[in-house]
Each structure stands twice: as C-alpha cells, then as structure tokens.
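The values are calculated or read from the model by the stated rules, or taken from the named source; none is laboratory data. Keep in mind that this is a model prediction, so the values were computed, not measured. Here the Cβ is made from the backbone with ideal geometry for all residues, glycine too, and neighbour counts use every protein chain on show. Just the protein is used for accessible areas: all its heavy atoms, side chains included, with ligands, DNA and RNA removed. Shrake-Rupley method; radii C 1.70, N 1.55, O 1.52, S 1.80 Å.
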Amino acid sequence: MIKEQTKLDIDNVDVFYGKKQAIFNVDLEIKKNQVTAFIGPSGCGKSTLLRCFNRMNDLIDICKVSGSILLDSVNILDKKLDLVRLRTKVGMVFQKPNPFPKSIYDNVAYGPKIHGLCEDISELDEVVEKSLKSAGLWNEVKDRLNEPGTGISGGQQQRLCIARAIATNPDVILMDEPCSALDPIATARVEELMQELKKNYTIIVVTHNMQQAARVSEKTAFFHLGHLIEFGNTEEIFTSPNEIKTQDYITGRFG
Amino acid sequence: MIETHDHISSAFNNELFHLNNTLLEMGRTLENMYEKSINAFDQKNDAASKEVISNDEKIDDLENSIINQIQVLIAKRQPMAVDLRVLVGCTRIAGYMERIGDLISSVNKRNITLIEYNIENEKKDIIDLFSSAMKLFQKSLDCFARKDFKLAEVVRSQDLDIDKQYKYFFNKLLEKMSRQSKLVVPGTHMLFIAKNLERLGDHATNIADSISYMATGEVKAPSRPKISE
C-alpha cells in the first residue's frame, strides 16, 4: 500500500467571530490525493474551518484564526503569506454555481490570465481545453466557448466552476456543498469527477448529504458545536462510528 | 440495548417498529409450531404434524413481508451506522427463522412416517433434545425481543450442550441400529430428527449472534465451538 502523505496539517486551530468561538482546538491531517468529507449540523464550524484553508475568513473583520495550518509544511496562517498565490494553490467551489458573467472560455481563462500563468494565447487555449476536459465538460461546450457561462445548465455551470478552480493548477480543491443545488444526474457527474480529480488533487468537501460523504470520501470528519468529534476512515464512520454523537447525527437522531 | 425509536422522523420510527413486530410475530408462530411438534411426536399425532407443516407457509409469507419492508426502508431511509446494522441483522434473522420453519416441517414429516414404528426406547432422548433446542430457541427470541446482546453469549454456550446431547444420541442409536436391523428404518428417521433439532440450535445461535452484530458491529467468528460427530 502507498503511504499516505499529509497535504494539510491542521494543528490546534481556534476560530473566533468577535467573542464567539466557532472552532475549538482542532487537530486534523488531510491526506494527499484523497477526498476528505466534513460533516456536521449547521453551525458546527465545518465551513468555517474549510474557509481557513484559503484564508477566506480574512474577508471577515471580526474573524480571528489561531493555531497552525501547514500546506506542504508552509504555515498558511502566516501573516506575511502571499494570499493571491495561496488561492491559486487552494481552489474553491461553492454551493451555488457562480460562473462569472463572462463567456465559458473567459471563466476558465480568468485565473491563469490574472496570475500570468500563460505565456501566450495558444498556451491559454491549451489550459482552458485541459481544464474543461478535466472537469468533464469539454465535449458539451467545445462548440460554444464564446457563449455566456451563465447560459448553461446548473450542473454544467458547477462543472465550469470546477474547471475554473483547476485552471490555476491548484494542489487542493475545497468544495462547500457542491451538489446541493444540483439534480441527481448532475450530482452523479460531479461525484464521478471528484474520483477522477483526486488522482491529481487533494479534495475537501463539506456536505450535508451523508450518503454523498459515504460515497465519495476516504476520510470523514464529524464536527459538532465547533469541536471535531470524530475523524476516521469513512467506511467505519458510517457503519460503526466510535462516538455516540456521530451515530446520533448520521442516523437522524438529532440535528 | 439497541434503540430504534428515537429518530427525528416519527415515520421512520414507526416503520422500524412495524418491522420489529413482524419479526416477533414470525418468532411467536415458530414457537407455536414447535410446541405442537413436541406434542405431535410424543403422542404420535399425525393430524397435529400435518397442521404444523401447513403453517410453514405462513413463515414464508412473513419472511417475504420482512424482506419487502427492509427493501423499502433501505430505499427510503438510506440507513447508516446502527440503523444499517439493524436492517442487515433483521435480514439475516428472518432468513434463520425461515430455515427453522423448514427444520420444524421436516421433523414433522419424519414424525408422520415414524407413527407406525415402535420407538419407545428412543423417545425420551428425542424429547430431551426437543426441549433443549426449544429452550435455546426461546432464549434467542428473548434476546431479539429485548435486543439484549449479553444474552447472546448464554445462547452460544448452551448450543454446545445440544451438540453434545446430539452426539451422544447419535452414537448410541447408531450402535443399536448396527445390532438390530429392524431399527434401521425408524432409526434413520430419528437420526434425521435429531440432526434437524441440532441444526435448529445452530440457527438459534445465529439469531443471537445477529443481535450482537446489531449492537456492536462485530461479526462473531464462525469458529464457535463445534464438536465432531
């Protein structure tokens, strides 16, 4: 068996919104080339923690994060860290597909362009094609790249957002409820895509859909009221979890 | 103890309650068939044996109802953790109970054949086996009704006693049959009855083990104590 490498090492992380503590002393290791699912009731801190990984919480004035989060041994909580560069390395996909009001092509080309990742147009064309192919969307949109990104179906828009996230060649992809606005077919496509993408990326997905977490992830972390209650192999978490709180949550006994 | 009535969804609780009741009904029906079988054997009553055999259809119907309920529950509720284990466990238990129904039927078919033979000398041993297996089966039903997996250990240890009892009877009768040729036909039927009762004990143990599995998620090693014939 291949040894699991740690991609993100989260150590003693606390998060405060003003005086209210949202995350309590979380330690967690996210393994490379795996899908890790964060589950837990609304307000448990799973999205807050996810947003620490690309420093999105910096956008909220009252939010304070302490502890350390090492991305390949670099502490991404370091004040001097280049945030723009961090966000090329840690891409994000949101609950609601949010393509830019631009063409399909420009949606994907936007990141590489502003970060100056491509030398010329032909290289940019290549990146766009490769990203759309990786996102499983190329065949559906290759003849309409100049049409608006907002004009395709919801499931296609979400895959466009995934293509946009991988166009900057990130290491980690964060997904916050990526399928909750999608129908079952589009959901199955995104889940299939996650299995494909994890070969090259490390994926962390926040989901309220227990079955989705059980289907797509290798590891699952269960959060409750800002505490990490249980973290382990997904198969064990969903068949016989160690903690009664985990069981009560995943079987619909409290929420 | 395994709690199945404390979900947020009351409809889910009700469905599990109904499933539990159907299994309990299957258990009660078998218990009833079994009691009649002991009397039918003791009193050489072929009408009673025929009635028991005809009851086996009800067992098959109950098993089908249980499997249907579980199928719908899995599709609708997509159960996890203990709920998932309960449904897997109930699927297995329904299967074991169905097998027990078959064994009881088979015992009664042999009883009907045996009526014309004199088996007075062996009767007591078989009645003893009947009552040991009955106790074990009742204990496993109790274990299910109370979802008390500690009782499962008791059932496992008692199954070993039945195995010993069976082995003793088997050797004793075989030895007799080798000396008295008129015993070969009834003796063979009695050996099958004894074997069926011994198998019934195994299935009672399987039921108890399924309760342990539901509670703990651990599957008992199949290497539970066995004695060779």
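In this structure, does A:T239 turn out to be within 11 Å of another protein chain (Cβ to nearest Cβ), at negative phi, in contact (Cβ under 8 Å) with a residue 24 or more places away in the chain and in contact with a helix residue (DSSP H, G or I) (Cβ under 7 Å, 6 or more places away or on another chain)? Criteria not met by A:T239. Among the residues in region A:5-18, are any touching a Ser or Thr at 6+ places or on another chain (Cβ under 9 Å) and outside any strand (DSSP E or B)? Within region A:5-18, none of the residues are touching a Ser or Thr at 6+ places or on another chain (Cβ under 9 Å) and outside any strand (DSSP E or B).
May I ask you to list the residues in region B:33-61 that are assigned to a helix (DSSP H, G or I) and polar (S, T, N, Q)? Residues satisfying the conditions are B:S37, B:N39, B:S49, B:S54, B:N55. In region B:76-187, counting only helices (runs of 4 or more DSSP H) that sit wholly within it, the ones holding 3 or more residues that are touching a Phe, Trp or Tyr at 6+ places or on another chain (Cβ under 8 Å) and either under 30 Å from A:N209 (Cα atoms) or open to solvent by less than 60 Å² (accessible area, probe 1.4 Å) (or both) span B:81-114, B:120-146. Considering region B:45-75, and only residues there that are open to solvent by 40 Å² or more (accessible area, probe 1.4 Å) and within 14 Å of chain A (Cβ to nearest Cβ), the residue that is modelled with the lowest pLDDT turns out to be B:A75.
Yes/no matrix, rows are residues, columns are (1) of a type outside the set (G, A, S); (2) over 22 Å from A:L59 (Cα atoms); (3) under 21 Å from the mean Cα position of the chain (by Cα); (4) crowded, with 18+ Cβ neighbours inside 10 Å:
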{"site": "A:F100", "(1), (2), (3), (4)": "yes, no, yes, no"}
{"site": "A:D106", "(1), (2), (3), (4)": "yes, yes, no, yes"}
{"site": "A:L117", "(1), (2), (3), (4)": "yes, yes, no, no"}
{"site": "A:K133", "(1), (2), (3), (4)": "yes, yes, yes, no"}
{"site": "A:E147", "(1), (2), (3), (4)": "yes, yes, no, no"}
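Regarding region A:206-223, can at least one residue be identified that is within 14 Å of another protein chain (Cβ to nearest Cβ) and touching a Phe, Trp or Tyr at 6+ places or on another chain (Cβ under 6 Å)? Looking through region A:206-223, at least one residue is within 14 Å of another protein chain (Cβ to nearest Cβ) and touching a Phe, Trp or Tyr at 6+ places or on another chain (Cβ under 6 Å). Look through region B:19-44, keep the residues that are more than 21 Å from B:K109 (Cβ to Cβ) and loosely packed, with under 14 Cβ neighbours inside 10 Å, and return whichever of them is nearest to the other protein chains (Cβ to nearest Cβ). For region B:19-44, the residue satisfying everything is B:N21.
On the stretch given as region B:1-18, residues that are assigned to a helix (DSSP H, G or I), within 13 Å of chain A (Cβ to nearest Cβ) and among the polar types (S, T, N, Q) total 2.
Counting just the residues of region A:163-187 that are of a type in the set (V, I, T) and out of contact with any Pro (no Cβ under 8 Å at 6 or more places or on another chain), which one comes out nearest to A:T6 (Cα to Cα)? Only one residue fits best here, namely A:V172.
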